[in-house]
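No value in this document is a laboratory result; all are computed from the given coordinates. Keep in mind the model is a prediction, meaning the values are calculated, not measured. Methodologically, a virtual Cβ is constructed for each residue, glycine included, from the backbone with ideal geometry; neighbour enumeration extends over all protein chains shown.
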Amino acid sequence: MAGQRLAGKVALITGATGGIGAATAELFAREGARLMITDVAEKPLRELAGRIEDLGADVAAARLDVSSASEWDEVIHVVRERFGTLDVLVNVAGIVDWPGVEDTAEDAWDRVIDVNQKGTWLGMKAAMPLLRASGNASVINTSSVLGLVGSGAAAAYQASKGAVRLLSKTAAVEYARQGVRVNSVHPGVIATPMIQELLDEQGDRQPDIQRTPMRRAGRAEEIAPAYLFLASDDSSFVTGAEFVIDGGLTAY
Ligand SMILES: NC(=O)c1ccc[n+]([C@@H]2O[C@H](COP(=O)([O-])OP(=O)(O)OC[C@H]3O[C@@H](n4cnc5c(N)ncnc54)[C@H](O)[C@@H]3O)[C@@H](O)[C@H]2O)c1
């Protein structure tokens, strides 16, 4: 039986229809949050909104490309009109590009940095006035184990996720006495559409799974509770922290 650990809170989630985003949105709904769900994928967004309504939660949905400052402003306007407040910002939207330094194309580099890195900053910038007004707010940014250690590939992705880690820490310091906590989540190998092709091709022989002490991919439902903890008042003294959920991948 779920509790109501987010009762009274309004949460905005980006990339909400993806594996981790949807698991988080549904968990937040079961825990009593009112939700603004956003993504670039509009049909899945309408379907997710329907599932969340079926859970009895108050939900609004809007298209949001996180790399667009004007789309952020529009969505924050909707949040202000619809809910009047914002207590939790969850930046989940992300894209991956696998090549290493020499094989990364310039346009792919720009797009990954725009979505993963600039999108996280734009989100905090646009939402911060409402979050500061809340006075008891939490920002949760999605980095990766690839924001902590090198893999020898995914140059743009690693650069963007490393940036999200330190952007979160400096924002945590900047807003610590203004009632806004900022933390980063660092998933390991998680079975979601982002890496499904790799998992379908290689299964548990996938090298990152072989390097994971638990020898399996995680499920999105195993990541969502970290977002719940960081969104809720249970983490009231947690800011500038890294929450690693990787089956032990970075433990050695
Ligand atoms: N799956 C993993 O193994 C893994 C590991 C570490 C970190 N992550 C991170 O977790 C987050 C969620 O990934 P996921 O595994 O659920 O992948 P996913 O592909 O299932 O979800 C990503 C979501 O982001 C959305 N999106 C893409 N570009 C966007 C944009 N410009 N604006 C708004 N939304 C956009 C997609 O439509 C999708 O719904 C990402 O930031 C990813 O980098 C994933």
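Our coupling estimate for the stretch 43-58, obtained by passing each phi through the Karplus curve with A = 6.51, B = -1.76, C = 1.60 and θ = phi - 60°, is 5, x, 5, 5, 5, 5, 4, x, 5, 6, 4, 4, 7, x, 9, 7 Hz, Gly and Pro reported as x.
For q = 0.07 Å⁻¹, what log10 I(q)/I(0) does the chain give under the Debye formula with an equal point scatterer on each alpha carbon and no solvent? Calculated log10 I(q)/I(0) at the listed q: -0.21. Once each of the trypsin sites (Lys or Arg not before Pro) sitting in a DSSP loop with at most 13 other beta-carbon atoms within 10 Å is removed, the chain keeps 1-214 as its longest stretch. Mean-square fluctuations from a GNM of the chain, with a 10 angstrom spring cutoff on Cα atoms, peak among Gly15, Gly188, Gly150 at Gly150.
Between the beta carbons of Met214 and Glu106, assuming R0 = 35 Å, the FRET efficiency works out to 0.40 to the nearest 0.05.
A simple rule links phi to the HN-Hα coupling: the Karplus curve 6.51 cos²θ - 1.76 cosθ + 1.60 with θ = phi - 60°, which for the stretch 23-32 gives 4, 5, 4, 5, 5, 4, 4, 5, 8, x Hz, with x for Gly and Pro. Going by how many other beta carbons lie within 10 Å of each one, how would you line up Met128, Met214, Met36, fewest first? With the fewest neighbours first, Met128, Met214, Met36 line up as Met214, Met128, Met36. Taking Lys and Arg as +1 and Asp and Glu as -1, the other residues whose beta-carbon sits under 12 Å from that of Ala16 total -1. Beyond 22 Å between alpha-carbons counts as too far, so tell me which of Lys9/Lys161; Lys118/Lys161; Lys125/Lys169; Lys118/Lys169; Lys9/Lys118 fall in that bin. Flagged as over cut-off: Lys9/Lys161; Lys9/Lys118. I want to verify a result. In a Gaussian network model of the chain, Cα cutoff 10 Å, which of these has the top mean-square fluctuation: Tyr175, Tyr227, Tyr157? Top of the fluctuation ranking is Tyr175. Backbone amide hydrogens, once placed in the peptide plane, bring Ala60 within less than 5 Å of Leu35, Met36, Ile37, excluding anything fewer than 5 places away on its chain. Fully extending the segment from Lys125 to Val149 would add 5.9 nm, taking 0.36 nm per residue of separation and subtracting the current Cα-Cα distance. Extension gain for the segment Arg132 to Met194, taken as residue separation times 0.36 nm less the Cα-Cα distance, is 19.0 nm to one decimal. With the convex hull drawn over the C-alpha atoms of the stretch 30-134, the volume per residue is 116 Å³. Less than 5 angstrom separates the built amide H of Ser138 from those of Val88, Leu89, Arg181, all sequence-distant by 5 or more or on a different chain. Modelled spin-label separation between Arg205 and Asp58, with each label point placed 7 Å from Cα along the Cα-to-Cβ direction: 5.3 nm.
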